[in-house]
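Asks: Before anything else, here's the structure in question.
The values are calculated or read from the model by the stated rules, or taken from the named source; none is laboratory data. Keep in mind it's a predicted model, so treat the numbers as computed, not measured. Ideal geometry is used to build each Cβ from the backbone, glycine not excepted, and the neighbour counts take in all protein chains shown. What goes into the accessible areas is simple: the full protein's heavy atoms, side chains included, and nothing from ligands, DNA or RNA. Shrake-Rupley method; radii C 1.70, N 1.55, O 1.52, S 1.80 Å.
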Amino acid sequence: MIWRATVLTLFPDMFPGPLGFSLAGKALASGLWALEARDIRASATDRHRSVDDTPAGGGPGMVLRADVLADAIDAADIAPDRPKLLMSPRGRPLTQSQVVGLAAGPGPLIVCGRFEGIDQRVIEARRLEEVSIGDYVLSGGEIAALALIDACVRLLPGVMGKLASGADESFSDFLLEYPQFTRPQEFEGRPIPEVLTSGDHARVAAWRQAEAEALTRSRRPDLWAARQASAKIGQKRPKDTTDG
Ligand code: SAH
């Protein structure tokens, strides 16, 4: 069974969008993963095909109706082992270790909200897990869903080949990635750090580790603290690769 994302949206034409390009797009075309974008509006029942209504209790904007969205979820008829996600700024912020977990499974159903969001009752009745991509508010869940799917797809076996260097990347071992360089040897008076052209693999590794640690300490004290804590209690740190 290939990894599959099933997206419920009012704008199915937004998919695959950017995921139709580059390595993810090639992998999609060659069947290494699958994407199904389903139109929530197809589940509207009244003659205006309405999917939203004014918020109970008043206030601005519109809310996606529970009955229409529940029907759309049921019509997608997904296997019970697939995660059911709702993109939402109220959700748990997405992390690389969650992405690794999602990429290792069968692939999620993803509900994209619009307007002021969706009726609370469908979140509970269909046990949707709310996932945020950060502490800011988008106008809809589609761009968030694309971000989540992209992060998963690049980890699927065969999608990036040897490029899926997950173990080395930002967030593995609670570290940001070390700086990268390539040609030219000198750019506007700035040479590539000498150690990287020395051919001494041990020195290169030590330099990269030190850079990654310094960068993490100064830019992401939260990540650094988590790293220290995990080292202290002797936990196994999460590895962010499924490597295939
Ligand atoms: N009124 C809501 C925001 C609705 S934004 C609130 O204040 O919480 C409309 C839709 O965009 C949401 O239903 C959600 O699907 C999506 N969205 C907005 N910001 C998001 C974020 N940071 N992460 C994931 N989805 C987001």
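Asks: Per the Kirkwood definition applied to all pairs of different Cα atoms, how many angstroms is the hydrodynamic radius of region 168-236?
Replies: Kirkwood radius, region 168-236: 13.5 Å.
Asks: Let me ask you something else. Please label the shape of region 45-93 as rounded, prolate or oblate, based on the square roots a ≥ b ≥ c of the eigenvalues of the alpha-carbon gyration tensor (a/c under 1.5 means rounded; beyond that, a/b larger than b/c means prolate, else oblate).
Replies: Here region 45-93 falls in the oblate category.
Asks: Same structure, new question: Nearest 10 degrees is fine. How inclined is helix 201-219 to the longest principal axis of the chain, computing both from alpha carbons?
Replies: 50
Asks: Between 0 and 90 degrees, rounded to the nearest ten: what's the tilt of helix 66-76 against the longest Cα principal axis of the chain?
Replies: That works out to roughly 70 degrees.
Asks: Continuing with this model, one more query. Highest mean first, what order results for 128-137, 197-206, 63-72, 33-42 on Cβ atoms within 10 Å?
Replies: So the peptides 128-137, 197-206, 63-72, 33-42, ranked by packing, come out 63-72, 33-42, 128-137, 197-206.
Asks: While we're looking at this one, here's another question. Amide H of M87: which non-local residues (sequence gap of 5 or more, or other chain) have their own amide H closer than 5 Å, using H built in the peptide plane?
Replies: Amide H neighbours of M87: V111, G113, V131.
Asks: Additional query: State the answer as a single residue: which of L69, G57, W3 lies farthest towards the positive end of the charge dipole of region 3-153, with beta carbon charges of +1 for Lys and Arg and -1 for Asp and Glu, about the Cα centre.
Replies: Result: W3.
Asks: Can you give the accessible area per residue of the chain, in Å², using a 1.4 Å probe?
Replies: Here the residues of the chain average 57 Å² of exposed surface.
Asks: Using only Cα atoms, tell me the angle between helix 142-153 and the longest principal axis of the chain; keep it within 0 to 90° and round to the nearest 10.
Replies: Helix 142-153 sits roughly 50 degrees off the main axis of the chain.
Asks: Determine the shape class of region 74-156: with a ≥ b ≥ c the square roots of the Cα gyration tensor eigenvalues, call it rounded for a/c under 1.5, and otherwise prolate if a/b is greater than b/c, oblate otherwise.
Replies: Cα axes put region 74-156 in the oblate bin.
Asks: Apply the Kirkwood formula to region 3-153: the hydrodynamic radius equals the inverse of the mean of 1/r over all pairs of different alpha-carbon atoms; give it in Å with one decimal.
Replies: For region 3-153, inverting the mean 1/r across all distinct Cα pairs yields 15.7 Å.
Asks: Turning to a different aspect of this structure: Tell me the carbon and sulfur percent of the accessible area for region 168-236, rounded to whole percent, probe radius 1.4 Å.
Replies: 52
Asks: Here is a follow-up. By DSSP, what percent of the beta bridges with both residues in the chain are antiparallel, rounded to the nearest 5?
Replies: Antiparallel bridges make up about 20 percent of those DSSP assigns within the chain.
Asks: Can you list the residues, at least 5 places off or on another chain, whose amide H is less than 5 Å from the amide H of V7, using H built in the peptide plane?
Replies: Correct list: E36, A37, R38, I110.
Asks: Shifting gears a bit: Take every Cα pair under 8 Å in the chain that's 6+ residues apart, average their separations, divide by the length, and report that relative contact order as a whole percent.
Replies: Contact order relative to length: 20 percent.
Asks: Expressed as a whole percentage, what fraction of the accessible surface of region 21-158 belongs to carbon and sulfur atoms when a 1.4 Å probe is rolled over the protein heavy atoms?
Replies: Carbon with sulfur: 53 percent of the solvent-accessible area.
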